[in-house]
Structure formats: structure tokens, C-alpha cells
């Protein structure tokens, strides 16, 4: 079938909850994807940073296939031989004493919220069902009812109330606003070190460190959502590392499986994650052996191929070169590692038309918040490929 036919079927039978570019991808390898008609594209989205290791990485594929031939699912009613090793390797790589694997990023965020509330009642002594969690304006943590309850994006909220109580919103990047929002009932503060979906918004230098200090002073947990920014995307294992901040909890996902399987996790030390008791929280697929084996291989690739260093070096180069492109449409180029946002002026006509023009030139990027083009290729990209893309991006940014 041709592209048009696939699109017609999808539009007829599928819910219209996304607005994808009209490209139908059939296969992928490394930083390249190929559509059903054989045209090749440079992937500059990485499935929202889920394929940091590149598409169909051979080592992760081999691990997944090997495990798929043994056992894929036991549920947590029984133990399996892969989950203990994932626990151990996550601890060795991240420095956290414990982890709790789940499936989607939103599910891991919900896990962190539940854990923060239990800590509030059993450790801090907040009256039961009175705990508050402070979040940041412009956040994106997922799309469950509880999570959209503290979103400030109208499209995520308008027709989906009533909402879950217990959340307080503060402006992103303003540590003093978080300090003012803290009450005796505050259990935790949850922030993204960089707001990806909001348009690659980087807070002022020292923001996260100051928030961590405020949390410690007030006996409040700091939760960092590193689902998009973690696992080497920004040039370090975690974006929090730029300010030498060690949150009480870190939420990870996406690249935890290298794009092969939905895997997420909450990381924390024993005094926090050790609070869960059997029966209080769980998931049929969470921690399944197929996911654990795949994640172990994905983590190994991140370390062995030094993808944090690669992201740091090539990200600085890519961002610098993008900044040099003369364009009346560009307001700002910003980023960290290979998470880069090109914000356009309000009179540019919006980012969508630029992404559609990039597609025609063989580059797949996606608009976010109407006026930002996000460039986030797999971390296995090389300098020559970036150099190939830059003139084409320049042509698009210089459109009328």
C-alpha cells in the first residue's frame, strides 16, 4: 500500500488524539527511518527521546529476542531471573539504592506521587489525605486524570474534569515561588529539570539546586521527572547532574528500553521506596522478564557507547551551528546536549509548516507548543550527519 492509503485507514478507524506528520514509517536503523515508499529520513525526534540508543540497536534487539524465546511474562506473583539483575544494575549506574519498574512514564509518575503521599503520612506525619504536592506551571508528566489535574495546559484539561485534589502550582524557574507555596502539609515538589513538551524550557542556572535546598530545609521530598531528559539525552546521565542535585526520587522511562518496549521506573533510596508493602502497589507487566532483559541491554549500551559524552559534544556543536543560521523567523535556539529547541517568532506562521517543509527535505522533526521546533536525534548520530542536515535546516528556516 501507499502512504495515502495507510493514512486513510488510520484516519477512518483510529481515534484522532494525535496530529502526526504525514509520513508512514516502515523500518528504521540507527538515526534513519524509511517510509513505505522507500524514502529515507533523518529522525530528529527519537520518539520523544525513547530511542536515545538509535533505532533497532543490534545489542538490545539480540537481548530482547533471546529473552522472548525463554519467558516473557510471569507477573509479580512469581520471581524471574531478569528483574533482580535489572534492580542491581540500575542501582550501580544511578547510585540509588532501590528501583520500582513500571510500564509507561505516566504510570511511573503516578507511582512516585503515591509514594510521596505514603511518606508524608507515615514518616513526616501529615494528617492522612491532607498531603499536598507542588508542581510547576507548564509541566508535562503524562495524561492520566491525576496528572492532568496539575497540568496548566488547557487542551489537556478542558473536557476531562473533575480533577484530583492535592496539587499546588508554582511558576517554573522561580524557586522563591516554590518556597512560598510550602505549607505544613507539603509532601513533595515535582519538577522537570528541563521542560521538554513546553518547548525545551531551561530554568535559570541554580534553580534546581535552590529548590533542592528549600526541600531539604522544609522536610519535603524532591521528585525529578527525567523521563525525557534522563539517560544521557542532555549530555549527562541525568539533567539534574548539571547542578549536582540528587533528588529524593527520579522518574525514568522512554530510553530505559531503547525504544523496544514500554518500561519506566522510580528510583529512590530504601527509606523511601522501602515504604511500599505487598499489595499496596503493582502492575501485571511491571518488571516482567522481557522488559527487564531489554532494559539491561539498553542501559549497557548507554554506558559502553558513552552516549552522555557523545550527546554533550555533538549537542553543543549542533546547537551552535543552528544559532548561526540567519533567519527572520528564529527567536531563540536553546538546549542542553541533544535536546534542542528552536523557538520561532509569533509572526512566523507557527512551527508546523517548518516541520512539514523539513519532512520534504528528508528530516523529521516535530513542533511543540505551536512555535518551537524540537531537534532531538538519537544519540548515536555523528558529526557528518549533522553537517548533512544543517544546510537543509537552514533552507527551511529561511523560507518566506
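Ranking 22, 43 by Cβ neighbours within 10 Å, fewest first, what do you get?
Ascending Cβ contact count within 10 Å gives the list 22, 43.
By count of other Cβ within 10 Å, fewest leading, how are 233, 336 ordered?
336, 233
Taking 0.36 nm per residue of separation and subtracting the Cα-Cα distance, what length does fully extending residue 313 through residue 21 add?
My answer for the length gained is 102.2 nm.
Taking N as the number of residues in region 71-304, what value does Rg over Cα atoms divided by 2.2 N^0.38 Å take?
Rg over 2.2 N^0.38 Å, computed on Cα atoms: 0.97.
When only Cα pairs under 8 Å and 6 or more residues apart are kept, what is the percent relative contact order across the chain?
For the chain, the relative contact order is 23 percent.
In what order do 163, 285 fall by count of nearby beta-carbon atoms within 10 Å, going from fewest to most?
Neighbour counts put them in this order, fewest first: 163, 285.
With the cut-off at 38 Å, report for the chain the share of all Cα pairs above it, as a whole percent.
For the chain, the fraction of Cα-Cα distances above 38 Å is 19 percent.
So how far, in whole Å, is the C-alpha centre of region 315-354 from the one of region 64-81?
Answer, in whole Å: 44.
Please pull out the direction-averaged projected area of region 172-241, using the convex hull of its alpha-carbon atoms, in nm² to one decimal place.
That works out to 4.6 nm², a quarter of the Cα hull's surface.
So what is the relative contact order of region 1-119, in percent, for Cα pairs below 8 Å that sit 6 or more residues apart?
13
Would you mind computing, in nm to one decimal, how far apart the modelled labels at residue 47 and residue 76 are, each placed 7 Å from Cα along Cα→Cβ?
2.4
Any idea how far apart residue 176 and residue 213 come out in nm if each label point goes 7 Å out from Cα toward Cβ?
It works out to 1.4 nm between the two label points.
FYI, it's all coordinate maths here, none of it is from the lab. All values reported here derive from a predicted model rather than from experimental measurement. Heads up, the Cβs are rebuilt from the backbone with ideal geometry, glycines too, and the neighbour counts pull from every protein chain shown.
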